[in-house]
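For reference, the structure is listed below as structure tokens.
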Amino acid sequence: MPIVLHAAATPSAPGLLLRPWRDDDAEALLAAYRDPVLRSWTRLPVTTRAEARAFLRRSRQGWAADRRFSFAVLEPTAEGERLVANVVLKEVAPGRPAAEVGYWTAAPARGRGVAPRAVAAVTDWAFARFAAGGLTRLELLHQVDNPASCRVAEKSGYAFAEVLPARPPFPRDGHRHVRHRP
């Protein structure tokens, strides 16, 4: 049975549904990546059908390996569900106390509280799901020139921890934000 998470509605935004990516998400994924801002912040932009298939294949493989969990974040519309974001839990391993959370938000969803709610939902799930395996800390990393990601981290309960020096493939210094299991 696939994992499905929910983030509650707010007074100004509908609730969110988070689920594993499916093959029929390819067109929505390509549409999200048409945004030059999204492409500028991601290491592996999705610009072709072949890249979309590869993204979806890697997502399935991560779930199957029980180490990397990518969630398509959807919100309801009159026409059905619309892709608004991606949240991924990376580097999960039994006995390893830390893992990483990453995310992106589709252009039409930015500034509406989608990312903080989706990141918080995955964070809560991760701590519940992997506590027995020793997970006690999650990290959210971003480049220093991305203040929106600092706001998402703060709103999701991730405290600023340190500045990280630039290292390939990242051209700029970064921020590490941390949240500990309650």
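Between A85, A9, A32, which is aliphatic (A, V, I, L, M) and either surrounded by fewer than 16 Cβ atoms within 10 Å (Cβ to Cβ) or at pLDDT below 95 (or both)?
It is A9.
Looking only at the range 94-112, residues that are in contact with a strand residue (DSSP E or B) (Cβ under 8 Å, 6 or more places away or on another chain), modelled with pLDDT under 95 and outside any helix (DSSP H, G or I) come to 1 in all. Quick check, is L83 part of a strand (DSSP E or B) and more than 18 Å from E139 (Cα to Cα)? Spelling it out, L83 is indeed part of a strand (DSSP E or B) and more than 18 Å from E139 (Cα to Cα).
Filter the range 149-182 for residues that are open to solvent by 50 Å² or more (accessible area, probe 1.4 Å), under 17 Å from P97 (Cβ atoms) and part of a loop (DSSP other than H, G, I, E, B) and give the result. Those that are open to solvent by 50 Å² or more (accessible area, probe 1.4 Å), under 17 Å from P97 (Cβ atoms) and part of a loop (DSSP other than H, G, I, E, B): R181, P182.
Looking at L17, L44, L38, L30, just one residue is in a loop (DSSP other than H, G, I, E, B) and within 17 Å of A106 (Cβ to Cβ), and that residue is L44.
When the residues of the range 119-148 are filtered to those that are among the acidic types (D, E) and surrounded by 14 or more Cβ atoms within 10 Å (Cβ to Cβ), the one that is nearest to R96 (Cα to Cα) is E139.
So which residues in the range 66-82 are small (G, A, S) and open to solvent by 60 Å² or more (accessible area, probe 1.4 Å), if there are any at all? Write out each step before concluding.
So the first thing to find is which residues in the range 66-82 are small (G, A, S), and the list is 70, 72, 78, 80.
Once the filter is applied, which keeps residues that are small (G, A, S) and open to solvent by 60 Å² or more (accessible area, probe 1.4 Å), the range 66-82 yields only A78.
Beta carbons closer than 8 Å, at least 6 apart along the sequence or on distinct chains, pair a first residue in the range 24-46 that is in contact (Cβ under 8 Å) with a residue 24 or more places away in the chain with a second that is assigned to a helix (DSSP H, G or I) and open to solvent by 80 Å² or more (accessible area, probe 1.4 Å) for A26/R49; A26/R53.
The values are calculated or read from the model by the stated rules, or taken from the named source; none is laboratory data. Just so it is clear, the model here is predicted, and its values are computed rather than measured. All Cβ positions, glycine included, derive from the backbone under ideal geometry; neighbour counts span all protein chains shown. In case anyone asks, the SASA skips ligands and DNA or RNA and just uses the protein heavy atoms, side chains included. Shrake-Rupley method; radii C 1.70, N 1.55, O 1.52, S 1.80 Å.
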